[in-house]
1. From the list Val134, Val154, Val130, which residue is of a type outside the set (D, E, K, R), more than 26 Å from Ala280 (Cα to Cα), at pLDDT 95 or above and touching an Asp or Glu at 6+ places or on another chain (Cβ under 6 Å)?
2. Can you name the number of the only condition in (1) surrounded by fewer than 20 Cβ atoms within 10 Å (Cβ to Cβ); (2) assigned to a helix (DSSP H, G or I); (3) touching a strand residue (DSSP E or B) at 6+ places or on another chain (Cβ under 8 Å) that Gln366 fails?
3. Taking into account only those residues within the range 206-263 that are within 11 Å of the ligand (Cβ to nearest atom) and out of contact with any Gly (no Cβ under 9 Å at 6 or more places or on another chain), which is nearest to Lys56 (Cα to Cα)?
4. May I ask you to list the residues in the range 91-119 that are within 10 Å of the ligand (Cβ to nearest atom), among the hydroxyl-bearing types (Ser, Thr, Tyr) and surrounded by fewer than 22 Cβ atoms within 10 Å (Cβ to Cβ)?
5. For the range 214-322, give me every one of the helices (runs of 4 or more DSSP H) that falls completely inside it and has 3 or more residues that are out of contact with any helix residue (DSSP H, G or I) (no Cβ under 9 Å at 6 or more places or on another chain).
6. Among what's in the range 166-184 and is out of contact with any Phe, Trp or Tyr (no Cβ under 8 Å at 6 or more places or on another chain) and not aliphatic (A, V, I, L, M), pick the residue that is farthest from Arg216 (Cα to Cα).
7. Of all residues in the range 10-50 being in a loop (DSSP other than H, G, I, E, B) and among the β-branched types (Val, Ile, Thr), which is nearest to Asn308 (Cα to Cα)?
8. Against the condition among the charged types (D, E, K, R) and closer than 25 Å to Ala204 by Cβ, how does Glu319 come out, does it pass?
Amino acid sequence: MTPPMVPTAKPGILDISPYVGGRSSVAGVAKAIKLSSNESPLGPSPKALAALEEAKPSLSLYPEGSGRLLREAIAEVHGLDAARIVTSGDGSDALLTMLANAYLQPGDECIFSEHAFLVYKIATLANSAVPVIVPEKTTNSAIKVDVEAMLAAVTPKTRIVYIANPNNPTGSMLNREEMAQLHAGLPSNVLLVIDAAYAEYVTAKDYEAGIELVTRHDNVVMTRTFSKLYGLAGLRLGWVYAPAAVCDVLNRIRGPFNTSTLQQQVGAAAVRDRDHFWLAVKHNSQWLPWITAEIRKTGLRVDDSAANFVLIHFPPDGEKTAAKADAFLSQNGIILRGVASYGLPNCLRMTVGTEEQNKLAVSLIQQFMAA
Ligand SMILES: Cc1ncc(COP(=O)(O)O)c(C=O)c1O
């Protein structure tokens, strides 16, 4: 075979649809309200902001390379072993990708569900591996991962199973028992990646973010982020809690200084500020059910959510489609997230905002439906 005449990407890479984040502006609208990226309406802890000021002198020097300061703060708050944490200064996205880079070879299979977070597919294709996409179960008020169908998709080629718990954009979650069932059905050489980006918001008593499973097994990891409840999406901080052997692998392939001193100091202050944490949990627990109930009154289906957003279903055609709702809301300064790229073309996802933002968004949805 004659070699190509131009630099050529690995198989799979040109099959990737680049990730498109939630919109943040609307043409002609001076100050739109962004409820499209599941960011925290409360913003960061004041203690994190103070740490940001204090960290300024660190900018001219390389950081401590292992993220020790941040790992120790996370370990202290969550009761974990700091040696089994790896941090990322490019979000938990980067950790999800690094896991694929480390464990997927060309032709290997990677399992995730139909409406899973888009990064799993990108990371799989980027490694010339094969995405195995498993249908989810739909009930009256939820679209949920089907554990049995996920297990039925396992073959000798399976290397990774990714699962967001709770899932974005459906908001549904697996409880402790369901996740344990998924893990128990996997061969021991398959890595179960539990992406717990929204774990902090979950109030269900039967939820387990992944710490117990990671502590007890060699083939489970849990990723977490500072982008959601901690209000630090712009800081790009994530972490993974993993078996020692997986941490060893990640520490070999990650960037040598992948978490800056500034990120470590701000993250450490943020995770230690439990008052701000509980304020954000309380705010979400108050407004998530309110938004769900108020939008349901319009006749629209809104799925039960364990996270900080809701998935709203619109009729597939006629005057009340998701596209028309999106256009109406945008013109009135509210940006929700279209989720066609997640296989949900008739839905919009709305993040819980401030009281004022929630009331405005809900009243506009009511106006749209009443018109
Ligand atoms: C399920 C899920 N995982 C991971 C992420 C990425 O978070 P980070 O900002 O840490 O990269 C998101 C962000 O939208 C998410 O929804």
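The values are calculated or read from the model by the stated rules, or taken from the named source; none is laboratory data. Quick caveat, the model's predicted, so the values are computed rather than measured. Positions of Cβ are backbone-derived with ideal geometry, glycine not excepted, and every protein chain shown enters the neighbour counts.
1. Numbers: Val134 fails: touching an Asp or Glu at 6+ places or on another chain (Cβ under 6 Å); Val154 fails: touching an Asp or Glu at 6+ places or on another chain (Cβ under 6 Å).
None of the other options fit; the residue is Val130.
2. (3)
3. From the range 206-263, those within 11 Å of the ligand (Cβ to nearest atom) are 223-228, 230, 232-240; that's our starting set.
If we keep only those that are out of contact with any Gly (no Cβ under 9 Å at 6 or more places or on another chain) as well, we get 228, 234, 240.
Numbers: Lys228: 24, Gly234: 16, Val240: 26 Å.
Out of the qualifying residues, it is Gly234.
4. Thr97, the sole residue that qualifies.
5. Details: elements: 244-253, 261-272, 274-296.
Passing ranges, in order: 244-253, 274-296.
6. Taking the range 166-184 first, the residues out of contact with any Phe, Trp or Tyr (no Cβ under 8 Å at 6 or more places or on another chain) are 170, 172, 174, 177-184.
Applying the additional criterion that residues be not aliphatic (A, V, I, L, M) yields 170, 172, 177-178, 181, 183.
Numbers: Thr170: 29, Ser172: 25, Glu177: 15, Glu178: 16, Gln181: 14, His183: 11 Å.
By that ranking, first place goes to Thr170.
7. Taking the range 10-50 as the starting set, the residues that turn out to be in a loop (DSSP other than H, G, I, E, B) are 10-12, 16-25, 27-28, 30-32, 35-45.
Add one more test, that the residue is among the β-branched types (Val, Ile, Thr), and what stays is 16, 20.
Numbers: Ile16: 28, Val20: 20 Å.
By that ranking, first place goes to Val20.
8. Numbers: among the charged types (D, E, K, R): yes; closer than 25 Å to Ala204 by Cβ: no.
Spelling it out, it is not the case that Glu319 is among the charged types (D, E, K, R) and closer than 25 Å to Ala204 by Cβ.
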